[in-house]
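Peer 1: Here you go, one structure.
The values are calculated or read from the model by the stated rules, or taken from the named source; none is laboratory data. Remember, it's a predicted structure, so these values are computed and weren't measured experimentally. Heads up, the Cβs are rebuilt from the backbone with ideal geometry, glycines too, and the neighbour counts pull from every protein chain shown. Accessible surface areas use protein heavy atoms only, side chains included; no ligands, DNA or RNA. Shrake-Rupley method; radii C 1.70, N 1.55, O 1.52, S 1.80 Å.
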Amino acid sequence: MSSKTDQTEELKETQSDADLILPIYIAVDRSWSMGPKDNNAIDAANELIPTIIDTCDANPLVDYRARFCIIGFNAEPEVVVTLSRGTNMTPHAFVADGGTDFSKVFALLKSQILSDHVTLKRDGNRSYRPAVFLITDGEPNDDPTEAFTALKDPGFDLHPNVFVFGVGKNISTETIKQYTDGRGLALATKDNVSAASALKEFISSLMTSIIQSTTQAGSAAAENGAVPDFTFDPEAFTDSDDIFILSDLDDFEIQ
Amino acid sequence: MIWPRPRPTRSETEDSPKDESSLVSESSSAHGLGDDPASELSPEPAESAFVPDRPIATSPPEQTTAPALAPQLPQSDTQFAPAVADEALALTETQWTLPGATDAVEVLDGYYAGRSQAGNVGPMLRISPSIRSRQFGAYVPDSVVDAGVVSDSVSIGVVSIKGASHHLKGDPRQDAYAIASDDSWVVIAIADGVSEARMSHLSAAEASRVAANESLRALAAAHDPADADWQAVGTKSRSAIRTLGQRLAQQQAGSGSAQPDVSDRLIAGILATTCDVLAVPARRIDGLLRAWRVRIAGDGSFYVIDPNRGWATVDSGKNPSSTIISNAVGDPLPLGDAPPEVEHWDLDPGQAIVLCTDGFGDVIDQGARPVGRYLFAAWQQPLDTVQLLRTSSFLNTNADDDRTAAIVWATA
C-alpha cells in the first residue's frame, strides 16, 4: 500500500513534465601507445572535450538533454569530467602513459552509472539508457570478462549500450566486438589510416549521432515508462575513409 | 516522428542511390509531381470485402462508463464473432482525465514574446527559428492553419507547425495535412513523416492529400460509412507513396533510363510516413454527429474534449496500455499491408474531437500534464485561424517535434 507521500509524488509526476536526459560515458584510453611514439592519437583524444563543448554551444537541445562523463584510463581509470552538460565542461589534457586495463574501467562505469542515475532521478529527470563509448588502441592487459559481464548484466536495470572504437591497428577486431553490447556498435580503423585521423573522424561522427539522438523530433517525449536508446547513426560511417563498422547491421535493431 | 529505421539489407544498401538528397529536382514538390498517383492505380474490386481489425460500433457510447469507441458487434453484420466483440467491449472503457487549471503563462520578452509557455520550457526559448534548409529544394512553410464553420453544428480547425528540432537541424516540417469536403462530409487527413526518412516531407504531403481525397470518394460511394471501402483508401495511400518513390528514383536515374527497381523498404528509407484520417458529417442529422477515424498507418493520437469530463484518450499512439493500438497498422507507408483501423465517436454538443500527430499527442499525454491542461482550456470553443495557430504554438520542454492537429467542434 502506497503512502500519502508516494501518492502525492505520483500525482506530481503525472502532472508535470520530466526532462529526458541522455547520459553519455566516454572512456578514453590514454595508455602509452596512444602517445607520439606509437599511435600518436593523444592529441586527437584531447580534442574530444572541446568538440563536445562546441557542439553544445551551437545546439541548445543537445546541451539541455545530453550529459557527458569523461573517463581517462590506462592501468587505472579516472573520472576527469563528472556527468555534466557540455557547456559546463572544462577541457582536460590526457597524457599518454601506462598500460591498458579494462576491468577497472568497466567497474568504474557501472558505479558511475548507478550514482549518476540517483542524481538525475533526484533532480526530477528521466533518462535514456546510458550509452558508453570505449575508445581504445590496444588489447587489455587483464581479463575483463567478469567486470564486463557485471556491466552488461540484464539484471542491472541501467545496463548501458556499449560502443567500442578501436583506434589504430594494435587492437584485434575480436576484442572490439567482444566488448560491444546492447545496441552498441563495434567500429575499427581502416587499413593505412592513421589512428589520429580515425579518432578525429570518430569524434565528429559521434557528435552527429548525439545531435541526432537528442534532437530527434519527439525524442524527449517518449512516455509511458519506455526507456529510449541512444541512436548511433551507422550511415555516418558507410562512406568513411577512416572507419568501418564491424557489427552486422542486420543484427542491429536501429531505432 | 521517430520510427524504427528499416534496416538496410546488404543489397539495398549497395543498390541505393549515393546521394538521396539529390533525388528531387529544384522544382519538385509533392504537389508538383504530376497527376494523382492514386488515380493511376487500378481500383479495388467492388466485391473486395472490408474486414476491419476490430468491430465497429453501431450505437452511441454511454459517456460515463461506455466504451470509448463502442466497438460493439454490428447488429447487421454477422462476420464478427461475439466473443471477439465482447472482449473488445470489455477492454475499451473511456478513461477521462479532467485536467486541473492551466498554469501556462505568457512569454513576456524575447523573440517568443506573446507565446504561451505551458509547463517547463527547458531550452526552447534559446532555440531560434530558422529558415535554413539543409536539403536543396526542401521548402515547406513553417506553419499552416485552416479553420472554418461547416454548419451550425460543426466547426473545424486544422493546424500544422514545424518543431524546434527541425528548426535546429534545418529540416523541413515533415508533418502535413489535407482537407477534402463536399456537401455531406469534411475529411481531414494528417500525416507525420518519419524523421529519419530524409524526404518524408514529400510523402507526408502526398499521403495526406491522397488519403483525404480517396476517403471522400469512398464516403460518397457508400450508404453507410462503416461499409465504405476503407481498405481501398489504405491501398491507394500506400500505392501513392510507392509511386512517389519510384518517380523520384526515376528522376535520379534520368528520364532515359529504365525504371529503377526500388523496394518498399528502400522507399521507406527516404519517404516513410504515417497517415490518419478524420471524417465528420457536415451537420448533425437526427441528433447524431458521428465522427470517423481511419488509421491507415502510424501512431497518431485520438482524443475527445468534453467540457465537463476533460480529455478522453481514445487512442494514444504510443501508450502500450492502450487497447486501441495495434501493430497491424504500425508500419509506416509504404510498408505494411494491413487494412485501416476504423473507429468512431458520437459527439455530444459541446464536445470536440482531436486527431493529432505525436508532436501534440506526446505532450498532451493523458491530459493532466501542463500542455494537456493548457489545451483543454484553449481548445474548448471553435477558434479562428489566428487563435488556433497562437494556442498551438505553445512552448514546452518536450515539445520539439512537428505538431499537427485536426479538431472538430460539435457546436450544437
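Peer 1: Charges at C-beta only: +1 for Lys and Arg, -1 for Asp and Glu. How large is the resulting dipole of segment B:95-180 about its Cα centre, in Debye rounded to 20?
Peer 2: Dipole size: approximately 480 debye.
Peer 1: Something else: Could you give the dipole magnitude of segment A:9-115 about its Cα centre, charging the beta-carbon of Lys and Arg +1 and that of Asp and Glu -1, in debye to the nearest 20?
Peer 2: Its charge dipole is roughly 160 debye.
Peer 1: Right, another one. What's the carbon and sulfur percent of segment B:101-191's accessible surface, probe 1.4 angstrom, rounded to a whole number?
Peer 2: 51
Peer 1: Can you put A:29, A:242, B:227 in order of accessible area, largest first, using a 1.4 Å probe?
Peer 2: Result of the area sort, largest leading: B:227, A:242, A:29.
Peer 1: Give me a comma-separated list of calculated 3J(HN,Hα) values for segment A:195-211, in order, Karplus coefficients 6.51, -1.76, 1.60 applied at θ = phi - 60°, integers in Hz, x for any Gly or Pro.
Peer 2: Residue by residue, segment A:195-211 yields 4, 5, 5, 5, 5, 4, 5, 4, 4, 4, 5, 4, 4, 4, 5, 5, 4 Hz.
Peer 1: Suppose R0 equals 56 Å; then what is the FRET efficiency for residue B:412 and residue A:57 from their Cβ-Cβ distance, rounded to the nearest 0.05?
Peer 2: Between residue B:412 and residue A:57 the formula returns 0.55.
Peer 1: List, in order, the whole-Hz ³J(HN,Hα) value for each residue of segment B:102-109 obtained from phi through the Karplus relation with A = 6.51, B = -1.76, C = 1.60 and θ = phi - 60°; use x for Gly and Pro.
Peer 2: Those phi angles translate into 6, 10, 4, 10, 8, 5, 8, 8 Hz.
Peer 1: For segment A:47-191, what is the accessible area per residue in Å² when the probe is 1.4 Å?
Peer 2: 39
Peer 1: Another one. Loop-only check: which chymotrypsin sites (Phe, Trp or Tyr not before Pro) in segment A:123-218 are DSSP coil with at most 15 other Cβ within 10 angstrom?
Peer 2: Within segment A:123-218, the qualifying chymotrypsin sites (Phe, Trp or Tyr not before Pro) (loop, at most 15 other Cβ atoms within 10 Å) are A:156.
Peer 1: So how much accessible area does residue B:236 have, in Å² to the nearest 10, using a 1.4 Å probe?
Peer 2: About 30 Å², rounded to the nearest 10.
Peer 1: Follow-up question, since we're still on this one. Under a 5 Å amide H to amide H cut-off, with H placed in plane at 1.01 Å, what residues pair with residue B:93 once short-range neighbours are removed?
Peer 2: B:68
Peer 1: Name the residues whose placed amide hydrogens come within less than 5 Å of the amide hydrogen of residue A:81, ignoring near sequence neighbours (fewer than 5 apart) on the same chain.
Peer 2: Placed amide hydrogens put A:70 under 5 Å from residue A:81.
Peer 1: Which order do A:167, B:150 take when ranked by solvent-accessible area (1.4 Å probe, heavy atoms of all protein chains), largest first?
Peer 2: Sorted by accessible area, descending: B:150, A:167.
Peer 1: For a paramagnetic label modelled at 7 Å from the Cα of residue A:197 toward its Cβ, which residues of segment A:135-178 fall within the zone defined by backbone nitrogen distances under 20 Å?
Peer 2: Correct set: A:136-138, A:165-171.
Peer 1: Just which residues of segment B:171-203 lose 20 Å² or more accessible area with every protein chain there, against their chain alone, with the probe set to 1.4 Å?
Peer 2: B:195, B:196, B:198
Peer 1: Still on this structure, I have one more. Per residue, what accessible area does segment B:191-262 have, given a 1.4 Å probe and all protein chains present, in Å²?
Peer 2: Using a 1.4 Å probe on heavy atoms only, each residue of segment B:191-262 averages 35 Å².
Peer 1: Mind listing the long-range amide H neighbours of residue B:411? Cut-off is under 5 Å, sequence gap 5 or more, other chains count too, H placed in the peptide plane at 1.01 Å from N.
Peer 2: Under 5 Å from the amide H of residue B:411 lie the amide H atoms of B:154, B:155, B:350, each far enough along the sequence or on another chain.
Peer 1: Taking the mean number of other Cβ atoms within 10 Å as a proxy for protection, how do you rank B:291-302, B:127-138 from highest to lowest?
Peer 2: Per-residue Cβ counts within 10 Å, averaged per peptide and sorted highest first, yield B:291-302, B:127-138.
Peer 1: Leaving out ligands, DNA and RNA, calculate the buried accessible area for the pair B and A with a 1.4 Å probe, summed over both sides, in Å² to the nearest 100.
Peer 2: What B and A bury together is about 3300 Å².
Peer 1: For segment B:128-139, take each phi angle, set θ = phi - 60°, evaluate the Karplus expression 6.51 cos²θ - 1.76 cosθ + 1.60, and give the result in whole Hz per residue in order, putting x for glycine and proline.
Peer 2: Per-residue couplings from phi come out as 7, x, 9, 9, 5, 10, 8, 10, 4, x, 8, 9 Hz.
Peer 1: Oh, and also: Top to bottom by accessible area (1.4 Å), largest first, where do A:92, B:344 land?
Peer 2: So the residues, ranked largest to smallest area, are A:92, B:344.
Peer 1: How about segment B:353-371: which of its residues lose at least 40 Å² of accessible area in the presence of all protein chains relative to their chain isolated, using a 1.4 Å probe?
Peer 2: B:362, B:369
Peer 1: With a 1.4 Å probe and all protein chains left in place, how much of the accessible area of segment B:324-384 comes from carbon and sulfur atoms, in whole percent?
Peer 2: Here carbon and sulfur together make up 48 percent of the probe-accessible area.
Peer 1: Within the accessible area of segment A:25-138, what % is carbon and sulfur when the probe is 1.4 Å and the other protein chains stay in place?
Peer 2: Ligands and nucleic acids excluded, carbon and sulfur reach 50 percent.
Peer 1: Further, regarding this structure: Find how many whole Å separate the alpha carbon centroid of segment B:132-175 from the alpha carbon centroid of segment B:354-412.
Peer 2: 14
Peer 1: From the cross-link list A:152/B:169; A:152/A:177; A:104/A:177; A:169/A:200; A:104/A:200; A:110/A:200, which pairs have alpha carbons spaced over 23 Å apart?
Peer 2: In this structure, A:152/B:169; A:104/A:200; A:110/A:200 lie more than 23 Å apart at Cα.
Peer 1: Follow-up. Please sort by residue number the trypsin sites (Lys or Arg not before Pro) in segment A:173-211 whose DSSP state is loop and whose Cβ has at most 15 other Cβ atoms within 10 Å.
Peer 2: A:190
Peer 1: So what is the accessible area of segment B:272-412 per residue, in Å², with the probe set to 1.4 Å?
Peer 2: Result: 24 Å² per residue.
Peer 1: By the scheme Lys and Arg +1, Asp and Glu -1, what is the net charge of all other residues having a beta-carbon under 15 Å from that of residue A:65?
Peer 2: Result for the local shell: -4.
Peer 1: Restricting to Cα pairs below 8 Å that are 6+ residues apart, what does the relative contact order work out to for segment B:123-278? Please round to a whole percent.
Peer 2: Reported relative contact order: 22 percent.
Peer 1: Another one. Based on alpha-carbon centroids, what's the gap between segment B:102-123 and segment A:33-58 in Å, whole number please?
Peer 2: That distance is 39 Å.
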